[in-house]
Amino acid sequence: MMDQEKRMESLQHRYRKAKAPAMPAGPGAGGPGPGGPGPGGPGRRMAAMGKGRKPANSRATVGRLLAYLREDQARLVLAFACVILNTIGTLLGAYMLRPIINTYIVPVDGSRGDAAGLFRALVVMAVVYLVGVGANYLQAKVMLTIAQHALRRIRNDLFARMQELPVRFYDTNSNGDLMSRFTNDVDTIGQMLSSTLVQLFSGVLSIVGTLILMIYTNIWLTVVTVVMIPLMMKAGGAVARRSQKYFSQQQASLGTLNGYIEEMITGQKVVKVFCHEDVVREEFALLNEDLRKTQIRAQFFGGIMGPVMGNLSQVNYSLTACIGGLLCIFRNFDVGGLTVFLNFSRQFSRPINEISMQVTSVFSALAGAERVFAVMDEKPEEPDREDAVVLSPMKGHVVLDHVTFGYNPDKVILRDISLYAKPGQKIAFVGSTGAGKTTITNLINRFYDIQGGSITVDGVDIRKLARANLRENIAMVLQDTHLFTDTVMENIRYGRLDATDEEVIQAARTASAHSFIMRLPQGYQTMLEGDGANLSQGQRQLLNIARAAVSRAPVLILDEATSSVDTRTEKHIEHGMDRLMADRTTLVIAHRLSTVRNADAIMVLEQGRIIERGDHEELMDLKGRYYELYTGMSELE
């Protein structure tokens, strides 16, 4: 039993901790790469605002949400006017029972009832209720429109801000967490704007209006009802606190289980290769049992809120009826007044119950809004200088002069890196994992700014260049490919949107992708979905290379570009790459050293320093680190 408890604690610690990504030491720095978690940073701050928690700054969050409603002020006024009209109609219709009973059913003067008058009064009461129903319908429709307009603006602002955020942000926050902000958190905001907001206003208005009419009807019965309110609120508050606690535990257990399921599905091949199925089943059973227990507690306390408040309301109703009956006997209180007051006493507790039930929804929505606004408040990439230089055309002379850089200021990754590359040259980087190879390419793209030295392109410091101008002249082929949901033709054209079909086909030929594309069901018009799930990894990489080929960028960066293709295909790609690199500055990162033998210069990096440089023959004659890597005397990884 103790072993299971310890195992359960270990699983919860692993998967709940993994849900709070943070700042890494940086790609190629012995720490996690893009998308990986690390110690400290904005990811932890953003992940800390979990759904369902009480927001840290409710007033500021409410203010920002209301700002998204300003463009619909007229609709908002109409919606609240409809709420007021519906409330008045409901209260007035309920109060009309008093004169109807006292005048047409049980006249206070002892005369006989009036059927015709009763019919006319009922018609009037029906009209009043119909006006309230119509107002309620119009209010619901208008508020739904307002909420969707606000959500559209929030999503637009959120997506626009995400396009402005630096690569560092995506390196330090998980994709799943960011997607949750677009879906779950935005949905909770929409729920509050479309229904909860109006229900709170309507509830408060109903309470005030009902209380006024109750006092007008009978002050003594009002005192009895009001005395019961603190008891009802105290009982409801106690249940709500327990409910919120267990719902938080339920969400945490659900998140843990979902994280485990996602990881096991993704790593199913590894599970089967190492015959880990039994262990996985046992761990899943533990997490599933934990979720079952927390859900029972959460659903129980969440479900008893209604019965508890309903029973207290019934006690209040019974007590009011008894005292009201005595008042009718001994104080000449009219029967119509008693009937109306009993209706009001039941109606008075209903909005209180609704408001208490909406508090958790409000907190969830505000916490979700804070998570959304946390992304919007992230610092975007620094804007280009006012005197930013635009090189047209860019030739591709790249020079790194005594470059020093660290993803965190207190941990230097690259130390005194100097090199140059000119058009037509192929510069290769080799070295152990974590030596800083990918970091150099990130700096050339200016995904990060250096702390010391300079990087120039065509003699201009890249910090003086317009970012768009710099990046549109650099084509990258990464080890991890990404294909969009579109045709093969459009996926290749993504490298240069104004490329003609003929240029796209020529780029595919250059990348040795044309032959397999023509074997697809619709050739270049074949639709790719799920990141090219209907293609092999090698075929996806060939399309990625074709995308770089069509871009015409003078600088080409290849990060393990041929690692996912077979040797025969690699030979075809190398011939195509030779044509592609003829007039371009090419920077190559390779673990397969056979692919860099023909490089003009090979840079051997270790611990952020260039320890050897030269062509293949020179480095082999040197019999240093490159010689060890190439001959297999030392492991590359």
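The values are calculated or read from the model by the stated rules, or taken from the named source; none is laboratory data. None of the values given here were measured: they were computed from a predicted structure. No Cβ is skipped: glycine too gets one built from the backbone with ideal geometry, and neighbour counts run over all protein chains shown. Just so you know, the surface numbers come from the protein's heavy atoms only, side chains and all, with ligands and any DNA or RNA stripped out. Shrake-Rupley method; radii C 1.70, N 1.55, O 1.52, S 1.80 Å.
Being in contact (Cβ under 8 Å) with a residue 60 or more places away in the chain, in a helix (DSSP H, G or I) and of a type in the set (Phe, Trp, Tyr) is the requirement here; does Phe301 meet it? It is true that Phe301 is in contact (Cβ under 8 Å) with a residue 60 or more places away in the chain, in a helix (DSSP H, G or I) and of a type in the set (Phe, Trp, Tyr).
So, in the stretch 312-328, of the ones that are among the β-branched types (Val, Ile, Thr) and more than 12 Å from Asn343 (Cα to Cα), which residue ends up modelled with the highest pLDDT?
Within the stretch 312-328, the match that is modelled with the highest pLDDT is Ile323.
Restricting attention to the stretch 531-556 and to residues that are free of Cβ contacts under 8 Å to residues at least 24 places away in the same chain and among the small types (Gly, Ala, Ser), the residue that is surrounded by the most Cβ atoms within 10 Å (Cβ to Cβ) turns out to be Ser536. Could you tell me whether the stretch 284-294 includes any residue that is open to solvent by 30 Å² or more (accessible area, probe 1.4 Å), within 22 Å of Ser361 (Cβ to Cβ) and of a type in the set (Lys, Arg)? Taking every residue of the stretch 284-294 in turn, none turns out to be open to solvent by 30 Å² or more (accessible area, probe 1.4 Å), within 22 Å of Ser361 (Cβ to Cβ) and of a type in the set (Lys, Arg).
Exactly one residue out of Asp384, Asp377 is over 26 Å from Arg625 (Cβ atoms), touching a helix residue (DSSP H, G or I) at 6+ places or on another chain (Cβ under 8 Å) and open to solvent by 50 Å² or more (accessible area, probe 1.4 Å): that is Asp384. When both residues are 6+ apart or on different chains and their Cβ atoms are under 7 Å apart, which pairs have a first residue that lies in the stretch 400-417 and is closer than 8 Å to Gly453 by Cα and assigned to a loop (DSSP other than H, G, I, E, B), and a second that is open to solvent by 70 Å² or more (accessible area, probe 1.4 Å) and modelled with pLDDT under 90? Hits for this filter: zero, empty list.
Residues that are of a type in the set (D, E, K, R) and open to solvent by 50 Å² or more (accessible area, probe 1.4 Å) within the stretch 68-99 comprise Arg70, Glu71, Arg75, listed in sequence order. Given the criteria in contact (Cβ under 8 Å) with a residue 40 or more places away in the chain, part of a helix (DSSP H, G or I) and over 30 Å from Ile352 (Cα atoms), does Leu286 qualify? Judged against the criteria, Leu286 is a match.
Can you name the residue in the stretch 144-169 that is touching a residue at least 60 places away in the same chain (Cβ under 8 Å) and of a type outside the set (A, V, I, L, M, F, W, C) and, of all such residues, is surrounded by the fewest Cβ atoms within 10 Å (Cβ to Cβ)? Among residues in the stretch 144-169 that are touching a residue at least 60 places away in the same chain (Cβ under 8 Å) and of a type outside the set (A, V, I, L, M, F, W, C), the one surrounded by the fewest Cβ atoms within 10 Å (Cβ to Cβ) is Glu164. Residues of the stretch 463-516 that are in contact (Cβ under 8 Å) with a residue 12 or more places away in the chain, more than 27 Å from the chain's Cα centre (by Cα) and assigned to a loop (DSSP other than H, G, I, E, B): Ala466, Glu472, Asn473, Gly495, Arg496, Ala499, Ala511, Ser512, Ala513. Within the bounds of the stretch 142-156, is there any residue that is of a type in the set (Gly, Ala, Ser) and closer than 12 Å to Val375 by Cα? Scanning the stretch 142-156, I find no residue that is of a type in the set (Gly, Ala, Ser) and closer than 12 Å to Val375 by Cα, so the answer is no.
Considering the conditions (1) surrounded by fewer than 18 Cβ atoms within 10 Å (Cβ to Cβ); (2) closer than 18 Å to Thr90 by Cβ, Lys141 is excluded by exactly one of them, (2).
Would you say Thr172 is in contact (Cβ under 8 Å) with a residue 24 or more places away in the chain and surrounded by 16 or more Cβ atoms within 10 Å (Cβ to Cβ)?
When the stated conditions are applied, Thr172 passes them.
Exactly one residue out of Arg547, Arg568, Arg552, Arg625 is at pLDDT below 80 and basic (Lys, Arg): that is Arg568.
Might you check whether a residue that is part of a loop (DSSP other than H, G, I, E, B), at pLDDT 85 or above and polar (S, T, N, Q) occurs anywhere in the stretch 221-228?
Taking every residue of the stretch 221-228 in turn, none turns out to be part of a loop (DSSP other than H, G, I, E, B), at pLDDT 85 or above and polar (S, T, N, Q).
Looking across the stretch 517-530 at every residue that is of a type outside the set (S, T, N, Q) and open to solvent by less than 70 Å² (accessible area, probe 1.4 Å), the one that is nearest to the chain's Cα centre (by Cα) is identified as Gly530.
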